[in-house]
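Asks: My structure is below; once you've seen it, I'll send some questions.
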Amino acid sequence: LEVSRCTFVQISEIKILLFYKFTPLVDPNAIRLWQRTLCESLGLKGRIIISKHGINGTVGGELESIKSYRRITREYPGFHNIDWKWSDGIGEDFPRLAVRVRDEIVTFGVPEEIVVDESGVVGGGIHLKPHQVHELVEQHGGDVAFFDGRNAFEAKIGKFRDAIVPDTRTTPDFVRELESGKYDHLKNKPVITYCTGGIRCEVLSLLMKNRGFNQVYQMDGGVVRYGETFKDDGLWEGSLYVFDRRLMVDFSKEAKVLGVCQTCAGPSNQFYNCDVPTCRVRIIFCQDCVDASEGILCPDCRANT
């Protein structure tokens, strides 16, 4: 009797690691070379930004490689207590590895306003854990304003209930928005800033305080940490835009669909890249319109074809 043998192939688990740390770095270029060499040796892809203020990164790859990356990176004294955020990847989540040195690890365009010590950004807002966010809302009720610290298009598929979404296409637009006067009515009210993983709010809350906002808070760990805690049973509604090939994630199967397909106006929470290579616009399509379309074009590119 011939017994067939089964060959079991272990499928690698793919993970994505989101992280940042504000800490003084004397030699950002040396950190860049170290980080690039480390990622290349582990086969990781993603984007890492380094400045004299610290490090900001998202990398993806096989689980064991991600674990090794985290362990080795934590050995650097300034990076020991980084708040790492994990999520499941889908494979080839990033097209390449990019490790760069810039003036700011989040480019608001005001490096001269940012002062960093070993504890982080000096003079920023008060950090709130997810449960503390609810406590502040219960304490102050409708006076609490949620202030979206992301680019405006991200809020099309998900945001905090009744949140204020500034008119921003790029991060430096926030300075113009804060100085426009349109949010001056919030200057004596509790304001909770939020963003994807928390890093933008480290700076945004500082900029708001510097411009006369008196009760500024920031969501510690961003929407990612809040969603891990409350899923879709809290104050967050919809899907979370992410900066990799997935383009969005949900915290549960009960996530609301806030987005609207640009073609049929039907519900959809999925972004797609415009097919024009030089265009960086991302638009919302439903699956039916994607299947029926000969190409995915943003409104401007469609008008020019």
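Asks: What single numbered condition from (1) open to solvent by 20 Å² or more (accessible area, probe 1.4 Å); (2) in contact with a strand residue (DSSP E or B) (Cβ under 6 Å, 6 or more places away or on another chain) fails to hold for Arg280?
Replies: With (1) open to solvent by 20 Å² or more (accessible area, probe 1.4 Å); (2) in contact with a strand residue (DSSP E or B) (Cβ under 6 Å, 6 or more places away or on another chain) applied to Arg280, the lone miss is (2).
Asks: Also, I was wondering about something else. Name the pairs whose Cβ atoms lie under 6 Å apart, with the first residue in region 93-117 and farther than 13 Å from Pro24 by Cα, the second polar (S, T, N, Q) and open to solvent by 30 Å² or more (accessible area, probe 1.4 Å), and 6 or more positions between them or separate chains?
Replies: What qualifies is Val101/Asn29.
Asks: Still on this structure, I have one more. Please enumerate the residues belonging to region 192-206 that are more than 10 Å from the chain's Cα centre (by Cα) and surrounded by fewer than 24 Cβ atoms within 10 Å (Cβ to Cβ).
Replies: Leu206
Asks: Going residue by residue through region 222-238, is there one that turns out to be open to solvent by 50 Å² or more (accessible area, probe 1.4 Å) and more than 17 Å from Lys129 (Cβ to Cβ)?
Replies: no
Asks: Can you confirm whether Pro267 is at pLDDT below 90, farther than 19 Å from Asp162 by Cα, open to solvent by 50 Å² or more (accessible area, probe 1.4 Å) and more than 21 Å from the chain's Cα centre (by Cα)?
Replies: Numbers: at pLDDT below 90: no; farther than 19 Å from Asp162 by Cα: yes; open to solvent by 50 Å² or more (accessible area, probe 1.4 Å): yes; more than 21 Å from the chain's Cα centre (by Cα): yes.
Criteria not met by Pro267.
Asks: Also, quick follow-up: So how many residues does region 122-157 have that are more than 14 Å from Met219 (Cβ to Cβ) and touching a Gly at 6+ places or on another chain (Cβ under 9 Å)? Show your work before the answer.
Replies: Within region 122-157, the subset more than 14 Å from Met219 (Cβ to Cβ) is 122-123, 138-143, 151-157.
With touching a Gly at 6+ places or on another chain (Cβ under 9 Å) added as a condition, the list becomes 155-157.
Of the residues in region 122-157, 3 are more than 14 Å from Met219 (Cβ to Cβ) and touching a Gly at 6+ places or on another chain (Cβ under 9 Å).
Asks: Please specify each residue of region 136-152 satisfying the condition of being open to solvent by 60 Å² or more (accessible area, probe 1.4 Å) and either part of a loop (DSSP other than H, G, I, E, B) or in contact (Cβ under 8 Å) with a residue 40 or more places away in the chain (or both). Full working, then the answer.
Replies: Within region 136-152, the first condition is being open to solvent by 60 Å² or more (accessible area, probe 1.4 Å), and the residues that meet it are 138-140, 142-143.
Residues satisfying the conditions are His140, Asp143.
Asks: Can you name every residue in region 86-135 that is open to solvent by 20 Å² or more (accessible area, probe 1.4 Å), assigned to a strand (DSSP E or B) and over 29 Å from Thr229 (Cβ atoms)?
Replies: Leu97, Arg100, Val101
Asks: Just to verify a result, which residue in region 153-169, among those that are surrounded by fewer than 22 Cβ atoms within 10 Å (Cβ to Cβ) and not in a loop (DSSP other than H, G, I, E, B), is farthest from the chain's Cα centre (by Cα)? Talk me through it step by step, then tell me what you get.
Replies: Filtering region 153-169 down to residues surrounded by fewer than 22 Cβ atoms within 10 Å (Cβ to Cβ) leaves 153, 155-156, 161-169.
Next, only the ones that are not in a loop (DSSP other than H, G, I, E, B) stay: 153, 155-156, 164.
Working: Phe153: 13, Ala155: 12, Lys156: 15, Ile164: 17 Å.
That would be Ile164.
Asks: Additional query: Need pairs with beta-carbon distance below 6 Å; first residue touching a residue at least 40 places away in the same chain (Cβ under 8 Å) and within region 253-276, second open to solvent by 50 Å² or more (accessible area, probe 1.4 Å) and hydrophobic (A, V, I, L, M, F, W, C); sequence gap 6+ or separate chains.
Replies: Note: pairs meeting the criteria are Asn269/Val257.
Asks: Answer yes or no as to whether Asn151 is farther than 26 Å from Phe243 by Cα and of a type outside the set (D, E, K, R). Working first, answer last.
Replies: Values: farther than 26 Å from Phe243 by Cα: no; of a type outside the set (D, E, K, R): yes.
When the stated conditions are applied, Asn151 does not pass them.
Asks: Quick one: which of Asp300, Asp291 is exposed (fewer than 11 other Cβ atoms within 10 Å of the Cβ), more than 23 Å from Thr196 (Cβ to Cβ) and among the acidic types (Asp, Glu)? Quick ask: steps written out before the conclusion?
Replies: Working: Asp300 fails: exposed (fewer than 11 other Cβ atoms within 10 Å of the Cβ).
Result: Asp291 is the single residue among Asp300, Asp291 that is exposed (fewer than 11 other Cβ atoms within 10 Å of the Cβ), more than 23 Å from Thr196 (Cβ to Cβ) and among the acidic types (Asp, Glu).
Asks: With the checklist (1) open to solvent by 40 Å² or more (accessible area, probe 1.4 Å); (2) under 27 Å from Val59 (Cα atoms); (3) modelled with pLDDT of 95 or more; (4) touching a Gly at 6+ places or on another chain (Cβ under 9 Å) in hand, flag the one item Arg245 doesn't pass.
Replies: Going through the list (1) open to solvent by 40 Å² or more (accessible area, probe 1.4 Å); (2) under 27 Å from Val59 (Cα atoms); (3) modelled with pLDDT of 95 or more; (4) touching a Gly at 6+ places or on another chain (Cβ under 9 Å), Arg245 breaks only (3).
Asks: Counting only residues that are in a loop (DSSP other than H, G, I, E, B) and of a type in the set (Val, Ile, Thr), which one in region 276-303 is nearest to Gly266 (Cα to Cα)? So that I can check it myself, show each step before the final result.
Replies: Quick first cut of region 276-303, residues in a loop (DSSP other than H, G, I, E, B) only: 276-281, 285-286, 293-298.
So of that shortlist, the ones also of a type in the set (Val, Ile, Thr) come out as 276, 278, 281, 296.
On the way: Val276: 24, Thr278: 27, Val281: 20, Ile296: 16 Å.
The extreme case among them is Ile296.
The values are calculated or read from the model by the stated rules, or taken from the named source; none is laboratory data. What you see is a predicted model; the values in this text were computed from it and never measured. So basically every Cβ, Gly included, is an ideal-geometry build from the backbone, and we count neighbours across all protein chains shown. For the accessible areas, the whole protein counts, side chains as well, though only heavy atoms, and no ligand, DNA or RNA atoms are used. Shrake-Rupley method; radii C 1.70, N 1.55, O 1.52, S 1.80 Å.
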